[in-house]
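The values are calculated or read from the model by the stated rules, or taken from the named source; none is laboratory data. From a predicted model like this one, the values you see are computed outputs, not experimental measurements. Neighbour counts are summed over all protein chains in view; Cβ atoms, including those assigned to glycine, are modelled from backbone coordinates with ideal geometry. Areas reflect the complete protein model, heavy atoms only, side chains present, ligands, DNA and RNA absent. Shrake-Rupley method; radii C 1.70, N 1.55, O 1.52, S 1.80 Å.
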Amino acid sequence: MTATLEKATVNGEERSVHGVKDVTKPGDPGTRTAEVRSIMEHGHAPLIWNPDMNKGTAFTAEERKEKGLEGLLPPIVETIELQAERVMLQLRNDCGTDLARYVLLYQLGTHNRALLYYVLINNLEELAPIVYTPIVGEACQKFDRIYRSAMGMFFDAFAQRGHFRKMLDNWPSHNVQIIVVSDGSRILGLGDLGVNGMGIPLGKIQLYVAGGGFHPEHSLPAIIDSGTNTKDNIEDKFYFGNKKPRLSQEESVAAVEEFCMAVHDKWPNCLVQFEDFETSLAFAILEKMRNRLLCFNDDIQGTGAVVTTGFLNGMKAQGTPLGEAKVVFYGAGSSAVGVASMIARLIELDAKISAEDARKAIFMVDSKGLITTSRGDKLPSHKQQMARRDDTPNMKDLREIIEYVKPHALIGLSGAGPMFKQDAIEELCHHVEKPLVFPLSNPTDKAEITAEHAYEWTHGQAIFASGSPFKPYEYEGNMLVPGQANNVLIFPGVGFGAVMSKAKKVTDEMMLAAARALADFVSPEDIKRGKLYPDIKDLRAVSAVVATKVAEEALSQGLGSMEAPSEGLHKFITDRMWDPRKPSLNLSRTVGL
């Protein structure tokens, strides 16, 4: 692979882009910086201190001799399979809590990346809740206590503004494909955790690699420190970030803009995924950046796509035509508006009606009640687009709203905890035999209703999906398995498809294509039984299908710059999904042995 020099414009200044690589051809050792390549060439102890090159006890006797590793490792030579078996033994038998399991995997990622991802890929169903929701919430709350070693990059919006582009040169890869960035201002349902929110980009990147096939050396978690308004952070001597109030929204957007354009200058084909920004800031950033570089907001667009999948299959299970569906949303933040907008778009296209008529299927509720233009308060811009503009009365009580609307689905994205009470759920059942009940707030204790209550109060008839996992529940001799509207089923495939197609931007149509692809992965027989989503264990296959459909949509819209591969898009994509056992993309082959 040969590096090329391209030009990019940042803040009106034309700059050369050093060492731009083809993002569809990951794994080239030449994408490493000179400093890292010198470790590869000279070997010895620094080699096993580098997590992207270290194989631990999997180094062969010949490799140890050639690279000066003799005596630095136990004498036994092991396969990666045996190494992984030891890790799983430790996770299952030696860790007393899920947080301890999180810390063990964190440490593994700081010294042997290939082994970490081998373990994750082969145990996704068991370990996805550890590296991401729900355990990542606790990990973020305690991040400054459990921190072990640097992973990812930190950008100080107070002291380092104007230097973000230069700082990116410190990252050890010239070919970054995917970045997840946050400012920690709204972590899950936990609020402003500031720099401690770094656990979210770390977890998301791990799922992009393990579930979506991104190459770990070309994946970057990042956080922008714009301050924190959480008193506990400011008063905590261990807190990692600036102990200052948050920057204004204008200043925060400017910091994110600088970061994004620095990324676009250095890695012009890289995808930037925005994560867990406060609602108004999230919309402002997406609006400002979405047409300037390849990016999307998973809280807004990814959540919209994965919930649309559940809604689409849920309507099939009910037998409700999309043109007749009505949905009540409890919560009106960035995620809720993203979901509502995508469901409205789905109804518009499927029922062949106007966008205005499609939005009439949506009824949004916030802390003040049903959102209408006649309510009397000033609505923020993201709420205005979904506010009722007809003669809908102003109501606050959820049961009364359900009685008036007679919805087919009740979706919670409030982050307010168990707000779906028995009277509201029973009222829901008066109007539809198998109501969709989706408590999607994370982590688990923020969910609007438990699976147990949803099944009990609907007499086992609820079509249930949550944001964080719930255990199966037995109702009158029947074992009911709660679904999980987990964004991990969407974002790895969306990201990989967008990058592999060299898309210029991520459009709503690409997200809707992802939602339909995910919905079609579930068989009609499973849908009849109330199953809405594929199993997490099938995530790699799911991501390949989603990525293929996203790439197809990007190409059909004229947004993808790749040439359609002769072997077909699905094979092209699956061939480039990284796996530690793939010779063509294997980290171990790049040790230079």
> Residue by residue through segment 175-183, which ³J(HN,Hα) values in whole Hz follow from phi under the Karplus form 6.51 cos²θ - 1.76 cosθ + 1.60 (θ = phi - 60°), with glycine and proline marked x?
Replying inline: 9, 7, 9, 9, 10, 10, 10, 9, 10
>> Around residue 514, under 12 Å between beta carbons, what's the net of Lys plus Arg minus Asp minus Glu among the other residues?
In response: -4
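Averaged over every viewing direction, what's the projected area of the C-alpha convex hull for segment 120-263? Give it in nm², one decimal, please.
Values: hull surface 34.8 nm².
The Cα convex hull of segment 120-263, projected and averaged over all directions, gives 8.7 nm².
Quote the relative contact order of segment 500-593 in percent (integer), defining contacts as alpha-carbon pairs under 8 Å separated by 6+ residues. Write out the running numbers ahead of the final one.
Details: 80 pairs, mean separation 31.7, N = 94.
Relative contact order comes out at 34 percent.
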> Which aspartates and glutamates have a Cα less than 15 Å from the Cα of residue 505, not counting those fewer than 8 places away in the same chain?
Replying inline: 287, 298, 552, 553
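Given only helices, namely DSSP H runs of n ≥ 4 each adding -39500 (n - 2.57), what is the per-residue ellipticity at 222 nm of the chain, to the nearest 500 deg cm²/dmol?
Numbers: 26 runs with 243 residues, N = 593.
Rounded to the nearest 500, it is -11500 deg cm²/dmol.
Kirkwood hydrodynamic radius of segment 154-225 from all distinct Cα pairs, in Å? List each step's numbers first, then the result.
On the way: mean 1/r = 0.0772 Å⁻¹.
Result for segment 154-225 stands at 13.0 Å.
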> Counting only protein heavy atoms and using a 1.4 Å probe, what share of the accessible area of segment 372-526 belongs to carbon plus sulfur, as a whole percent?
Replying inline: 46 percent
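At 1.4 Å probe radius, can you tell me the per residue accessible area of the chain in Å²? Don't skip to the answer; put the middle values down first.
Values: 23410 Å² over 593 residues.
Dividing the accessible area of the chain by its residue count gives 39 Å².
Let a ≥ b ≥ c be the square roots of the eigenvalues of the Cα gyration tensor of segment 432-518; is it rounded (a/c under 1.5), or, if not, prolate (a/b larger than b/c) or oblate? Before the final figure, lay out the partial values.
Values: a/c = 3.02, a/b = 2.54, b/c = 1.19.
It comes out prolate by the Cα gyration axes.
Suppose R0 equals 45 Å; then what is the FRET efficiency for residue 142 and residue 389 from their Cβ-Cβ distance, rounded to the nearest 0.05?
Values: r = 45 Å, r/R0 = 1.01.
So, using R0 = 45 Å, E works out to roughly 0.50.
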> In straight Cα distance, which aspartates and glutamates are under 15 Å from residue 21, not counting same-chain residues fewer than 8 positions off?
Replying inline: 6, 169, 217, 265
>> Using Cα-Cα distances under 8 Å and only pairs 6 or more residues apart, what relative contact order does the chain have, in percent?
In response: 14 percent
>> How high is the relative contact order of segment 200-304? Use alpha-carbon pairs under 8 Å, at least six apart in sequence, and give a whole percent.
In response: 19 percent
> What ranking do 336-345, 556-565, 362-371, 511-520 get when scored by the average of other Cβ atoms within 10 Å per residue, highest first?
Replying inline: 336-345, 511-520, 362-371, 556-565
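Could you tell me the ratio Rg/Rh of segment 254-311? Both radii from Cα atoms, Rh via Kirkwood. Please report the intermediate quantities before stating the final value.
On the way: Rg = 12.2 Å, Rh = 12.0 Å.
So for segment 254-311, dividing Rg by the Kirkwood Rh gives 1.02.
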>> Helix 334-351 against the longest principal axis of the chain: what's the angle in degrees, Cα atoms only, rounded to the nearest 10?
In response: 70 degrees
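Quick check: at a probe of 1.4 Å, how many percent of the accessible area of segment 79-217 sits on carbon and sulfur atoms?
Numbers: 2230 of 4550 Å².
Carbon and sulfur: 49 percent of the exposed surface of segment 79-217.
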> Just one of [x] 0.96; [y] 2.01; [z] 0.92 is Cα Rg over 2.2 N^0.38 Å calculated from these coordinates, so which is it?
Replying inline: [x]
>> Out of all Cα-Cα pairs in segment 315-373, roughly what percent, to the nearest whole number, are more than 14 Å apart?
In response: 54 percent
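Once R0 is set to 51 Å, what does the formula 1/(1 + (r/R0)^6) return for the Cβ-Cβ distance between residue 92 and residue 575, expressed as a FRET efficiency to the nearest 0.05? Before the final figure, lay out the partial values.
Details: r = 33 Å, r/R0 = 0.66.
About 0.95, to the nearest 0.05.
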>> Students often forget the sequence filter, so: which lysines lie under 21 Å Cα-Cα from residue 65 once same-chain residues fewer than 8 apart are removed?
In response: 55
> Among the listed pairs 316/504; 326/352; 549/571; 316/383; 288/383, which are separated by more than 24 Å between their Cα atoms?
Replying inline: 316/504; 316/383
> Expressed as cubic angstrom per residue, what is the convex hull volume of the alpha carbon set of segment 111-186?
Replying inline: 145 Å³
> What is the Cα centroid distance between segment 264-312 and segment 41-68, reported in whole angstrom?
Replying inline: 39 Å
